[in-house]
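Supplied in structure tokens, the structure appears directly below.
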Amino acid sequence: MCGIVGYVGKQKAAPLILEGLKRLEYRGYDSAGVAIQQGGRFHVAKKTGRVANLEQEVAQQSFHGTFGIGHTRWATHGGVTDANAHPHLSSDGVIALIHNGVIENYAKLKRFLLEKGYSFRSETDTEVLCNLIAYHYAKEPIPPSGESRFVEAVRKALRHAEGTYGIVVMALDTPGELVTARKGSPLILGLGDGESLVASDVAAIVSRTQTVVYLKDGEIAHLTPSTFAITTQASDTVEPVIDKVTWSISDAELGQHAHFMEKEIFEQPVALENAMRGRFSEDGSTAQFGGLNISAAEFRTIERFMFCSCGTALHACMVTEHLIERFARVPVECDYASEFRYRNSPLHRNCLFFVMSQSGETIDTLAAMREAKRKGYRVLAVSNVVGSTIAREADGGIYQHAGPEVGVASTKAFTSQLLIGAMLALYIGRMRDMSFSDGAQYVAALKGAPDLVRRTLQQAPRVHEIARRFARYTDMLFLGRLSLYPIALEGALKLKEISYLHAEGYPAAEMKHGPIALVSERCPSVFFAIKGEMFNKVVSSMQEIKARQGPIIAIATEGAELPDGLADEVIPIPECHEAVLPIVATIPVQLLAYYMAVERGCDVDKPRNLAKSVTVE
Ligand code: AGP
């Protein structure tokens with residue numbers, strides 16, 4: 001949730017670290033700080049609020065050192081204050097530390113350190129870890145040649161730390177060295193020309209280097225400008241796997257867009273094309289995936305699927321559930337990852353476990369997947385971030401190739417998950433009873449999805465007008481049926497996240513069982529009125545709202561005949577195949593949430609209290 005950047009090299013570290021922090025701001029943004037090692041001491045600046053505040057603070061000081069660490073914070077322990085912002089220094093002034101995660105036994109460790117004479121300036125668990133490293137560093141003997149006293153001290157301190165961490169540490173008497181370690185919080189090493197970097201996210205370092213190493217849980221890395229070495233908690237040497245990042249910094253820049261969310265909404269046709277590329281059979285009747293690591297024969301025998309995720313990704317799972325059951329006739333279950341991990345839910349003995357996660361780092365999703373693996377189930381992951389923890393720990397999976405998603409509100413990653421879910425339903429369906437011609441029709445429909453999305457995006461000015469009309473309302477209902485019920489949930493979530501409006505998503509017919517009490521002329525309802533078997537039923541639900549003076553925004557199939565005056569506003573969407581419908585129907589709700597937030601003057605890309613990837617429980 002917080003962002004981490006560390007640099008050792010020949011350039012001035014502060015501007016590079018600040019640039020990296022700005023690129024990480026979407027992960028957490030209540031405060032930021034930087035520590036630079038120069039002239040035999042640590043120079044530290046910390047500021048609540050955005051990185052821009054920190055930048056002003058740094059500009060007033062003379063930070064010219066070439067080694068340093070920086071952090072953007074999303075508070076867990078202790079309020080949002082300058083003192084609680086990272087980096088933290090040990091009370092003996094020897095260690096500087098930045099930390100993502102939560103040290104669960106910090107209270108006990110703090111009591112121990114207070115007895116040993118260490119003191120504390122903040123309320124954070126991080127400062128406890130910092131002093132713990134200082135304590136071990138002070139008593140660490142000079143090791144045999146070839147080993148680092150600094151690394152050993154960090155290793156020993158971490159043995160006592162319970163919880164999760166991604167840390168970067170500097171020691172005052174080892175200029176030009178960083179020690180970094182992870183357990184449950186992502187860290188990536190960047191290997192540049194005469195410089196080394198470490199960050200919690202590739203976006204922070206990709207402008208300096210595309211050569212990276214993804215650190216694994218339990219690993220500790222020792223960095224200098226020209227070397228790096230990785231060992232485990234048990235002191236074993238790790239042979240590093242060096243990767244190349246496939247995207248460049250321009251992919252994570254705004255271009256002419258006002259916000260990343262707007263940019264990413266309009267990138268959806270291309271993201272969909274990328275998710276499909278090379279993933280249809282030659283005869284054009286089914287999908288194929290390279291990295292599932294499970295043979296078609298084994299897949300064929302699966303009797304049940306379980307999908308676990310969080311937030312928007314869970315909504316994608318719910319649509320996938322609908323499509324697999326509809327087209328492949330295999331039972332599917334969906335659950336919140338955060339609930340599944342503790343529920344000890346009995347799984348079918350022949351169940352294949354799936355997770356979806358844009359970031360690949362969501363801690364609840366990761367924990368759910370580890371729980372399923374512990375029980376002996378095979379786990380597959382759909383993820384957008386190459387090399388992420390979830391992608392690496394899964395037995396196999398599917399990359400989304402949607403490109404970096406920076407906006408906190410997930411948009412292009414969601415529709416690309418919907419598309420992959422639809423392709424999975426096709427793949428499984430064609431192994432069972434779906435005919436060649438139905439498969440071929442399905443494939444043709446999926447291939448047409450990017451153009452249908454392009455067409456729907458043309459409604460943006462119309463949706464903006466509607467948003468202007470409703471921006472000052474405080475409640476909104478989203479009502480859909482079947483595969484559009486999860487899209488109703490998604491519409492409500494998007495609106496809540498970035499406009500701070502109270503919104504609820506419901507199956508349209510369920511509305512009479514409670515939420516209808518909210519309906520008044522001040523509570524608009526967004527309906528999905530789609531031509532087909534449910535159309536008349538949805539129209540009846542709309543009549544019930546209208547009878548109670550509730551304003552109605554209908555997202556309706558082009559040419560659908562709604563009774564005169566029933567909808568106050570209509571957003572037309574093209575007629576499409578059932579597998580594509582959830583994707584196309586998502587576009588208006590994303591646009592609506594976006595323009596509502598703009599009209600309400602909200603900070604679209606950095607909504608209050610949220611972080612892009614939730615790496616603490
Ligand atoms: C989406 O708009 C949200 N920010 C959030 O619900 C998100 O989808 C959820 O935290 C899961 O993230 P993941 O896909 O990275 O696992």
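Which angle between 0 and 90 degrees, to the nearest 10, do you get for helix 412-431 versus the longest principal axis of the chain when only C-alpha atoms count?
The two axes meet at around 60 degrees.
Distance cut-off 27 Å, Cα to Cα: go down the list K22/K496; K216/K373; K110/K156; K46/K263; K216/K496; K46/K110 and report the pairs above it.
The answer is K46/K263; K216/K496.
May I pose another question? Tell me, what is the 1.4 Å probe accessible area of E253, in Å² to the nearest 10?
Near enough 80 Å² of accessible area.
What's the FRET efficiency of D173 with A229 using the Cβ-Cβ distance as r and R₀ = 25 Å, to the nearest 0.05?
It comes to 0.85.
On a 0 to 90 degree scale, rounded to 10, what angle separates helix 485-499 from the longest Cα axis of the chain?
Approximately 50 degrees, to the nearest ten.
Ordering Y485, Y118 by how much accessible area each has at a 1.4 Å probe, largest first, what is the list?
Y485, Y118
Continuing with this model, one more query. Please arrange T48, T126 by accessible surface area, largest first, computed with a 1.4 Å probe and ligands excluded.
The ranking, largest first, comes out as T48, T126.
Would you kindly derive the ³J(HN,Hα) couplings of the range 513-527 from the backbone phi angles with the Karplus curve 6.51 cos²θ - 1.76 cosθ + 1.60 (θ = phi - 60°), listing them in order in whole Hz, with x for Gly and Pro?
So the Karplus estimates, Gly and Pro as x, are 8, x, x, 4, 4, 6, 5, 7, 5, 9, 10, x, 10, 9, 10 Hz.
A further question on this structure: Only residues of the range 493-515 count here: report those whose backbone N is under 20 Å from the spot 7 Å along Cα→Cβ of L566, or say none.
Backbone N within reach: 506-513.
Treat each spin label as a single point 7 Å out from the Cα along the C-beta direction, and report the Q61 to A517 distance in nm.
Label at Q61, label at A517, 5.5 nm between them.
If packing is taken as the mean number of other Cβ atoms within 10 Å per residue, what is the order of 544-550, 486-492, 270-276, highest first?
So the order, starting with the most tightly packed, is 486-492, 270-276, 544-550.
Run the numbers on the range 1-155 and let me know its relative contact order in percent, using alpha-carbon pairs under 8 Å that are six or more apart.
Computed over the range 1-155, the figure is 22 percent.
Beyond 33 Å, what share of the Cα-Cα pairs of the chain is found? Please give it as a whole percent.
Considering the chain, 48 percent of its Cα-Cα pairs are separated by more than 33 Å.
Continuing with this model, one more query. Could you work out the local net charge near E497, counting Lys and Arg as +1, Asp and Glu as -1, over the other residues with Cβ closer than 12 Å to its Cβ?
+2
On to the next question. Relative contact order for the range 181-301: what percent, with Cα pairs under 8 Å and sequence separation of 6 or more?
Worked out over the range 181-301, it gives 17 percent.
Quick one: how many lysine pairs does the range 505-617 have with C-alpha atoms less than 21 Å apart and a gap of 8 or more or different chains? Give me the count, please.
Close lysine pairs under the 21 Å cut-off: 4.
For the range 416-488, report the accessible area per residue in Å² (1.4 Å probe, heavy atoms, rounded to an integer).
Per-residue value: 37 Å².
Stretched out fully, how many nm does the piece from D251 to N293 gain, at 0.36 nm a residue minus the Cα gap?
Contour length minus the Cα-Cα distance gives 12.1 nm.
Further question on the same structure: Before rounding to the nearest 500, sum -39500 (n - 2.57) across all DSSP H runs of length at least 4 in the chain and divide by the residue total; then give [θ] at 222 nm in deg cm²/dmol.
-11000 deg cm²/dmol
Taking the DSSP beta bridges in the chain as the whole, what percent of them are antiparallel, to the nearest 5?
Approximately 60 percent, going by the DSSP bridge assignments.
How much of the accessible area of the chain, in percent, comes from carbon and sulfur atoms when a 1.4 Å probe is used?
Of all accessible area on the chain, carbon and sulfur atoms account for 49 percent.
Using a Förster distance of 51 angstrom, determine the FRET efficiency expected from the C-beta separation of V80 and R432, and round it to 0.05.
0.45
Now for a different question. Find how many whole Å separate the alpha carbon centroid of the range 503-522 from the alpha carbon centroid of the range 162-207.
If you average the Cα positions of each part, the centres end up 49 Å apart.
Further, regarding this structure: The range 308-359 to the range 370-436: how many Å between their Cα centroids?
Centre-to-centre distance over Cα atoms comes out at 11 Å.
A follow-up question, please. For I587, what is the net charge nearby, where nearby means another residue's Cβ is under 10 Å from its Cβ and Lys, Arg count +1, Asp, Glu -1?
Local charge sum for I587: +2.
Considering Cα pairs under 8 angstrom that are at least six residues apart, work out the relative contact order of the chain and quote it in whole percent.
This gives 12 percent for the chain.
For the range 550-594, report the translational diffusion coefficient in µm²/s to the nearest whole number, using Stokes-Einstein at 20 °C, 1.002 mPa s, and a Kirkwood Rh over Cα pairs.
Translational D for this selection: 189 µm²/s.
The values are calculated or read from the model by the stated rules, or taken from the named source; none is laboratory data. Quick caveat, the model's predicted, so the values are computed rather than measured. Positions of Cβ are generated from backbone atoms using ideal geometry, with glycine treated the same way; all protein chains shown enter the neighbour counts. The accessibility values were calculated without ligands, DNA or RNA, using every heavy atom of the protein model including side chains. Shrake-Rupley method; radii C 1.70, N 1.55, O 1.52, S 1.80 Å.
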